[in-house]
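What follows is one structure encoded as structure tokens, with my remarks underneath.
The values are calculated or read from the model by the stated rules, or taken from the named source; none is laboratory data. All values derive from a computational prediction rather than experimental measurement. Because the Cβ atoms are built from the backbone with ideal geometry, glycine has one as well, and the counts that use them run over all protein chains shown. Note: accessible area is taken over every heavy atom of the protein model, side chains too, but ligands, DNA and RNA are not part of it. Shrake-Rupley method; radii C 1.70, N 1.55, O 1.52, S 1.80 Å.
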Amino acid sequence: MKFYGALVVLLSSVAYVSAQGASDCAALQSTLHLQSTTITSATHVTGGTVVSTPGSCQSSASVTASICRIQFVIQTTPTSRVHAEAWLPDQWFGRFLGLGNGGVGGCIDYSNLDYGASMHFAAVGSDNGHDGNNGQVFLNQPEVINDFAFRAIHVEAVIGKQIVQAYYKRAHQKSYYLGCSTGGRQGTQAALKFPDDFDGIVAGSPATDWNHLMAWSVELGRIVGAPKASTSPNFIPVALWNVIHDAVMRQCDGLDGVMDGIITEPDDCNFDAMSLLCSGQNTTNCLSAAQVAALKKVYSPLIGENGQLLYPRYDPGTTVAETQVLLGGNIFGIPANWYPFAIFNNTNFDFNTFDLKSIAFADTINPGGIATFNGDLSAFKSRGGKFISYHGRQDPLIASGNSKRVYELISSTMGIPNLDAFYRLFLIPGMGHCSGGPGATSFGQSGIISNAVNATENNVLLAMVDWVENGIAPDTIIGTGSSGTHRAHCRYRQKSVFNGTTFVCQA
Ligand SMILES: [Ca+2]
């Protein structure tokens, strides 16, 4: 029944359009002329094949549904350009889908191009204005940073929609956006700066308040001794993270009423790091005083020069492997690719010198308006836009508390106590960064996942379609776990509460 529910949504609201065929696709390369845009390839691809891909990110991509694949380049300024692809399915349901990126990345999201086209969207993804994951491209290139900070998604939407219209010989009916991490930030930026680009935005684990996220990532590394962790008394070896993880779960797993390896509300977990302090006879599987102090800092918010909150605390409950991303003793790769090239213009920047003044300096530059921390979504709201955010509660890269903070920022800025009418945030217990983890973490947020249930109530993208086209807002998003279990994820500020049988959402 659930599956057919999804089909009803997909089929009833917009007309089914079949594309013209392979020759019409190929013809676009010579017949379509768009501003500042060069179409480099237009080829019909039969579903079930693998195609080669340009750039340094990957060499090939799977094509599930038969598509017209259009590769194009948009010259955004004399010193910057965006490479993009439109995957236009033979069976199109009239919807446009813009896609985001990850990290400091310039990687076209082929996985979600394939996903979107399979779901009958005309899907467009870009390289974010540069190729690959190296921040060197930002050095003395403000327009490349502008593409990354706000422009790539905008031109992908503007030009992409024109390509869609030319191919299908009719305009799209509704436009959507899907992205996570940096993609979540890009979706937020789209709602703030270009509110007409998308009718519905799905922004996962958003890297909003980017400048302070970068700062927090560095400071977490420095708390455990990076970039000289090997000689630091604060360094915590991976074996001790096993001890810490066990202690965190012992103290906090049961707070939600079920010992299931998932901390439903990490903000309820006031972990007592002192309980792990070595003492007397106890000298193994325990922490030194310096390590205890470091761990307390890890689980505390980042506070600025003037005592202000810069960024919420690291979520307790991440797995040992997840802790190694920011707390393994190195400066994390994304800020290591951001500060030297985009902030300090110093390819040899020494992270030993990083401090609160560095953070304040980055705030003053805020290149390209990258911060993306503004609560005024009034233009997006008044044009009827709908926004869904989601965030895993054991996200090892972006504290889930930041998404609560963004919700409160929007609420206070706009003077709207409850944002349900246009903005919903779903918190996902037991999910890491964008996907994965012991929770019910598959809900249509990215790619084609084998155990995902593609029904409206189980799929965040279809839920968004239902909200935009039918006015039916999702009260919950039902995730599927790796073992096939389901859990209804609650929208903030509701709480996920165990009622003795199952988790329910309570106001
Ligand atoms: Ca639990």
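Things to note:
- Any hit, segment 417-425, residues being farther than 30 Å from residue 310 by Cβ and either open to solvent by 30 Å² or more (accessible area, probe 1.4 Å) or in a helix (DSSP H, G or I) (or both): yes
- The set of residues from segment 68-86 being over 14 Å from residue 40 (Cα atoms) and open to solvent by less than 10 Å² (accessible area, probe 1.4 Å) comprises just one member, 80.
- The residue of segment 399-434 that is farthest from the ligand (Cβ to nearest atom), among those that are touching a helix residue (DSSP H, G or I) at 6+ places or on another chain (Cβ under 6 Å) and closer than 21 Å to residue 301 by Cβ, is 425.
- Within segment 431-445, being assigned to a loop (DSSP other than H, G, I, E, B) and either under 16 Å from the mean Cα position of the chain (by Cα) or at pLDDT below 95 (or both) holds for 431, 432, 433, 434, 435, 436, 437, 441, 443, 444, 445.
- Test: residue in segment 347-359 that is crowded, with 19+ Cβ neighbours inside 10 Å, among the hydrophobic types (A, V, I, L, M, F, W, C) and in the same structural domain as residue 469 (by TED's automatic domain parsing): no
- Against the test of being in the same structural domain as residue 224 (by TED's automatic domain parsing), within 16 Å of the ligand (Cβ to nearest atom) and assigned to a loop (DSSP other than H, G, I, E, B), the options 331, 263 yield a single qualifying residue, 263.
- Selection count, segment 339-383, where residues are under 18 Å from residue 210 (Cα atoms), without any contact (Cβ under 8 Å) to a residue 60 or more places away in the chain and in a helix (DSSP H, G or I): 7
- Against the list (1) touching a strand residue (DSSP E or B) at 6+ places or on another chain (Cβ under 7 Å); (2) open to solvent by less than 10 Å² (accessible area, probe 1.4 Å), the condition residue 144 fails is (2).
- Here residue 462 clears all of (1) open to solvent by less than 40 Å² (accessible area, probe 1.4 Å); (2) in contact (Cβ under 8 Å) with a residue 60 or more places away in the chain; (3) outside any loop (DSSP other than H, G, I, E, B); (4) touching a strand residue (DSSP E or B) at 6+ places or on another chain (Cβ under 6 Å) except the condition numbered (4).
- Test: residue in segment 273-287 that is touching a residue at least 40 places away in the same chain (Cβ under 8 Å) and of a type in the set (A, V, I, L, M): yes
- Taken over segment 266-284, residues that are in a loop (DSSP other than H, G, I, E, B) and closer than 29 Å to residue 495 by Cα amount to 4.
- Taken over segment 54-67, the criterion of being in contact (Cβ under 8 Å) with a residue 24 or more places away in the chain, open to solvent by 20 Å² or more (accessible area, probe 1.4 Å) and touching a Ser or Thr at 6+ places or on another chain (Cβ under 7 Å) is satisfied by 64, 65, 66.
- Within the span defined as segment 272-295, every residue fails to be within 27 Å of the chain's Cα centre (by Cα), open to solvent by less than 30 Å² (accessible area, probe 1.4 Å) and more than 30 Å from residue 362 (Cβ to Cβ).
- Residues that are under 19 Å from residue 372 (Cβ atoms) and not in a helix (DSSP H, G or I) within segment 393-416 comprise 395, 397, 398, 399, 400, listed in sequence order.
- Residue in segment 300-310 that is in contact with a Phe, Trp or Tyr (Cβ under 7 Å, 6 or more places away or on another chain), closer than 26 Å to residue 238 by Cα and crowded, with 19+ Cβ neighbours inside 10 Å present: yes
- If the condition is being more than 16 Å from the ligand (Cβ to nearest atom) and in contact (Cβ under 8 Å) with a residue 60 or more places away in the chain, then segment 436-459 contributes 445, 446, 447, 448, 453, 454, 455, 456, 457, 458, 459.
- Scope segment 99-113; condition more than 20 Å from residue 448 (Cβ to Cβ) and open to solvent by less than 10 Å² (accessible area, probe 1.4 Å); matching residues: 104, 105, 106
- Residue match in segment 155-164 (condition: open to solvent by 30 Å² or more (accessible area, probe 1.4 Å) and of a type in the set (Asp, Glu)): no
- Residues satisfying the stated conditions in segment 244-260, i.e. within 12 Å of the ligand (Cβ to nearest atom), open to solvent by 40 Å² or more (accessible area, probe 1.4 Å) and either over 19 Å from residue 490 (Cβ atoms) or assigned by TED's automatic domain parsing to the domain that holds residue 498 (or both): 250, 251, 259
- Note on segment 190-210: residues that are open to solvent by 10 Å² or more (accessible area, probe 1.4 Å) and within 20 Å of residue 129 (Cβ to Cβ) amount to 4.
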